[in-house]
Amino acid sequence: MGPSDLTNPRRVAVLAVHTSPLAQPGVGDAGGMNVYVLQSALHLARRGVEVEIFTRATASADPPVARVAPGVLVRNVVAGPFEGLDKYDLPTQLCSFAAGVLRAEAAHEPGYYDIVHSHYWLSGQVGWLARDRWSVPLVHTAHTLAAVKNAALADGDIPEPPLRTVGEQQVVDEADRLIANTDDEARQLVSLHNADPARIDIVHPGVDLDVFRPGDQRAARARLGLPIDGDVVAFVGRIQPLKGPEVLLRAAAKLPRAHIVVVGGPSGSGLATPDGLVRLARDMGISDRVTFLPPQSRDNLATVFQAADLVAVPSYSESFGLVAIEAQACGTPVAAAAVGGLPVAVRDGVTGTLVPGHDVDRWAQAIDELLERDDETMGRAAVEHASRFSWDHTVDALLASYRRAIGDFTARRSVRGLPSTRRAARRSSRRKAWA
């Protein structure tokens with residue numbers, strides 16, 4: 001058995017406390033993180049790595065264990081009432097959730113999981129405990145940071161509470177490795193949380209290039225009931241101030257030829273006014289030029305991107321911007337706010353445009369200029385750019401991070417003279433095989 005065998009993970013415990021990877025993106029708190037967790041798990045399984053995803057059950061009908069695909073299990077942990085809890089209530093249920101995670105592992109021999117990968121700070125709190133209990137490394141992906149979100153609040157949005165800021169600092173301090181979506185996020189982890197740069201790995205999210213690809217625009221519009229001719233601009237995401245959909249609607253009032261498609265459901269502070277965008281469109285007199293669609297399946301989402309001339313991503317904060325990559329994979333240019341990871345997701349002037357700030361006139365001008373181009377060069381460049389963000393590339397980087405985490409963790413325990421659960425489990429497995 002060589003050194004690489006001891007750092008290749010066999011089974012990963014993935015923690016996603018506050019939202020299930022099986023939830024429909026665009027509903028409630030489900031979004032890009034859900035896509036990331038599910039797609040990375042599916043692609044890890046295709047490499048022979050088993051993945052078990054722990055999430056909080058939100059309905060009595062949720063089975064304790066759901067087999068999503070060969071090598072991928074979702075464990076729905078009962079922690080608190082199924083309904084009536086939002087993300088900000090969940091810290092009160094972390095003890096219950098952690099107990100469910102630890103009990104699931106206790107049903108197996110020591111060394112059952114080789115590594116823990118937590119997503120979002122709530123999961124990191126549980127992952128920190130599991131890491132200590134199981135003697136395996138913790139890899140953590142923040143996805144968003146409270147300090148970054150609070151520094152770029154949209155009008156009407158609610159600041160993240162101090163509890164989260166403290167919790168995020170604790171997880172950063174405890175994690176064996178941190179995964180950032182972009183270089184910009186890595187710098188934020190260092191500057192805001194004093195993270196050790198040597199423990200940070202950059203892993204770009206991916207896109208399913210089999211689903212998101214160019215298609216017939218007229219056929220896509222007919223399928224969605226959109227105007228066959230004219231300009232169509234799409235917004236896809238959770239309906240909340242953070243995502244900036246009202247910026248697009250206000251800009252649309254200055255673009256009389258543009259038809260707007262808004263895809264998504266209310267989330268976060270947007271739940272307080274679930275019909276706010278509908279009323280805004282009516283007040284501005286553009287209701288006849290705005291189509292509202294509920295959250296869509298992946299196949300239908302690809303159809304939306306194929307139908308649009310342009311996709312707008314006017315977010316106030318975005319750790320990466322998966323929607324921007326999915327749209328470009330369909331050959332659709334993107335107008336995106338120049339925040340967070342969007343400058344990585346969009347090549348300014350090549351696959352779309354990056355808009356500084358959220359001034360409505362500036363957004364209207366940027367959208368108008370992109371629509372006026374009406375050439376195929378940007379669409380072809382968008383497809384080529386998106387092809388660099390496959391989930392296979394993501395999993396390559398994830399596995400490299402896992403190996404580093406396992407190797408460093410094992411080395412530290414050896415120096416301290418502590419037994420390695422992972423090595424002991426493998427020795428036990430070999431003894432059984434020889435018996």
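Laboratory data are not the source of any read-out in this text; all were calculated from the coordinates shown. Everything numeric in this text was worked out from a predicted model, so none of it was measured. Heads up, the Cβs are rebuilt from the backbone with ideal geometry, glycines too, and the neighbour counts pull from every protein chain shown.
Using the Cα atoms of the chain, I'd like the radius of gyration and the largest Cα-Cα distance, Dmax, both in angstrom.
Looking at the chain, its Cα Rg and Dmax stand at 22.4, 79 Å.
So how tilted is helix 183-193 from the main axis of the chain? Cα-based, degrees 0 to 90, rounded to 10.
Approximately 60 degrees, to the nearest ten.
What angle do you read, to the nearest 10 degrees and between 0 and 90, between the alpha-carbon axis of helix 421-434 and the longest principal axis of the chain?
That works out to roughly 60 degrees.
Quick one: Debye curve from the alpha-carbon atoms of segment 151-240 only, equal weights, vacuum; give me log10 I(q)/I(0) at q = 0.16 Å⁻¹ to two decimals.
With one equal scatterer per Cα and no solvent, log10 I(q)/I(0) is -0.87.
Taking K and R as +1 and D and E as -1, what net charge do the other residues with C-beta under 13 Å from the C-beta of Val172 add up to?
Taking every other residue near Val172 into account, the sum is -3.
What translational diffusion coefficient, to the nearest whole µm²/s, does segment 217-387 have by Stokes-Einstein, given a Kirkwood radius computed over alpha-carbon pairs, a temperature of 37 °C and 0.692 mPa s viscosity?
Rounded to a whole number, D works out at 211 µm²/s.
Please list, ordered by chain and number, the residues whose modelled amide H lies under 5 Å from the amide H of Thr332; skip anything fewer than 5 residues away on the same chain.
For Thr332, whose amide H was placed from the backbone, there are no distant partners under 5 Å.
Once amide H atoms are built 1.01 Å from N in the peptide plane, which residues 5 or more positions from Phe54, or in another chain, come under 5 Å H to H?
Here the answer is Val14, Leu15, Ala16, Arg75, since their amide H atoms fall under 5 Å of that of Phe54.
Tell me the net charge near Asp201. Cut-off is 10 Å between Cβ atoms, Asp201 excluded, with +1 for each Lys or Arg and -1 for each Asp or Glu.
+3
Quick one: angle between helix 391-416 and the longest Cα principal axis of the chain, in degrees between 0 and 90, rounded to 10, please.
30
If you line up the Cα atoms of segment 1-140 on their principal axes, what length do they span on each, largest first, in Å?
Here the Cα extents, ordered largest to smallest, are 51, 28, 24 Å.
Once you've got the GNM for the chain with C-alpha springs shorter than 10 Å, pick whichever of Leu398, Leu153, Leu322 has the biggest mean-square fluctuation.
The residue with the greatest mean-square fluctuation here is Leu153.
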